[in-house]
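As structure tokens, the structure follows; a few thoughts come after it.
The values are calculated or read from the model by the stated rules, or taken from the named source; none is laboratory data. No experiment lies behind these values; they were computed from the predicted model shown. Virtual Cβ from ideal backbone geometry, glycine too; neighbours counted across all protein chains shown.
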Amino acid sequence: MEPRARSTRRNEVRGGDLPDGRVDLAGRVEPDCIGAPLEAGRAQETPGDAAAAAAAPDWRAWLVGSPREVLARIVPGDPLGVRDAVALALRAECVFLDADRVHLRALALVARGAARYRGRPELATWLAAESARAVAAVLREDGEARREADGAFAQLARPLGLDPDALRRGCTAFNRLPAADRVAFFALAIWNRRLDDLVRESGESATEIARRARRGLDAVMLALQPEPTPPARPTSAARPARPEERP
Amino acid sequence: MIPTPEPCTRSQLVGLLQHLALRRPRRALLEEAEVELWSLYRGEQADLVHEAARLRSLAPQSVPAPGAAWRSDWNAWRTNATECAAACAYDGYPIAPRLAECLALPLPRWPSARDLADEARRLGAGGGAEA
């Protein structure tokens, strides 16, 4: 089965997107964007077809075939909105990760899991779950020593004179903090929320929220510290002279 | 001793992190996604070979008898390995030689548990999938 005509709506810059490819998290990524191409496909259906479509959901148009065949359908133009799902998953977890890497992993997971997907849970929920799996997988791998010359950390760090590995260390340390600490730091430092608003919404004291955010700041500040090196062995010039060496 | 200059200030770092956190993934290329799919397949194969090593060490001389405690593990492994190998073959990705041997041969003729464990490590079992 070939996919139906693809809508271009998904690829337009929406209110939540910034021109440079970032997503404005103060604005919302459209939660209903997952259904856009499916609705476009239904536009040409007759009422009888609509009943048939309800019985045979349109996800079949995209998620049939082998994983590689599924990839060939869902990558060009991102008809399922995996990018949006990944952006939402990263926002929900409040972590610093290479979004492109998470995106690629989510695409692969969706393609691999497509054969087992039978329409339940609904597509948006399933994509959110696969995106969360991708976030978890990349978080696990970030604990390992990975050095990518052209990774997102390197591209972002170098203009500021930061060591990419140091930036990664800071981000990894932050990502390992309890969720409450990460949320507090994101709210205050990344989303620029007001402390008073957070106090009112969370019911926590301003001191506690600030303390949590401070722990987040302490973790990311590792990015500004040089890599810890093992203590150097004393050289012959540095160690005290042995009695037989003394003049 | 000349102090090392601080590469950037705290506010610059926070600005950088804002950029990192708010950045939407760029559009992916199909070729990149196919490489990532291979990475996923490889990780699955690593886990399957790792499990094969465990099964091999449980009963090196025979397949599990009906009612054996690990019979369900054996059945699950057969199902998953067959599905993974079929998907890899259909998509044109290679299958790890040890995994192919395990699928083609009866359990008593499988590679040794040690060989299977070595292969699993080589493929990246336990450390996530790496291409």
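So here's what we get for this one:
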quantity: Failed criterion for A:Pro79 (all others in (1) part of a helix (DSSP H, G or I); (2) in contact (Cβ under 8 Å) with a residue 40 or more places away in the chain hold); calculated: (1)
quantity: Pair list, Cβ under 6 Å, 6 or more apart: segment A:152-163 residue touching a residue at least 12 places away in the same chain (Cβ under 8 Å), other residue among the acidic types (Asp, Glu) and part of a loop (DSSP other than H, G, I, E, B); calculated: A:Ala152/A:Asp98
quantity: Residue list for segment B:91-131, restricted to those being within 14 Å of chain A (Cβ to nearest Cβ), at pLDDT below 90 and surrounded by 15 or more Cβ atoms within 10 Å (Cβ to Cβ); calculated: B:Gly124, B:Ala125, B:Gly128, B:Ala129
quantity: Meets criteria (within 22 Å of B:Arg27 (Cβ to Cβ) and surrounded by fewer than 23 Cβ atoms within 10 Å (Cβ to Cβ)) for A:Arg133; calculated: yes
quantity: Spans of helices (runs of 4 or more DSSP H) in segment A:92-194 with at least 1 residues more than 11 Å from chain B (Cβ to nearest Cβ), within 26 Å of A:Glu204 (Cβ to Cβ) and in contact with a helix residue (DSSP H, G or I) (Cβ under 6 Å, 6 or more places away or on another chain); calculated: A:123-142, A:164-175, A:179-185
quantity: Number of the exception - B:Gln45 against (1) in contact with a Phe, Trp or Tyr (Cβ under 8 Å, 6 or more places away or on another chain); (2) more than 11 Å from chain A (Cβ to nearest Cβ); calculated: (1)
quantity: Some residue of segment B:28-38 being more than 14 Å from chain A (Cβ to nearest Cβ) and of a type in the set (A, V, I, L, M, F, W, C); calculated: no
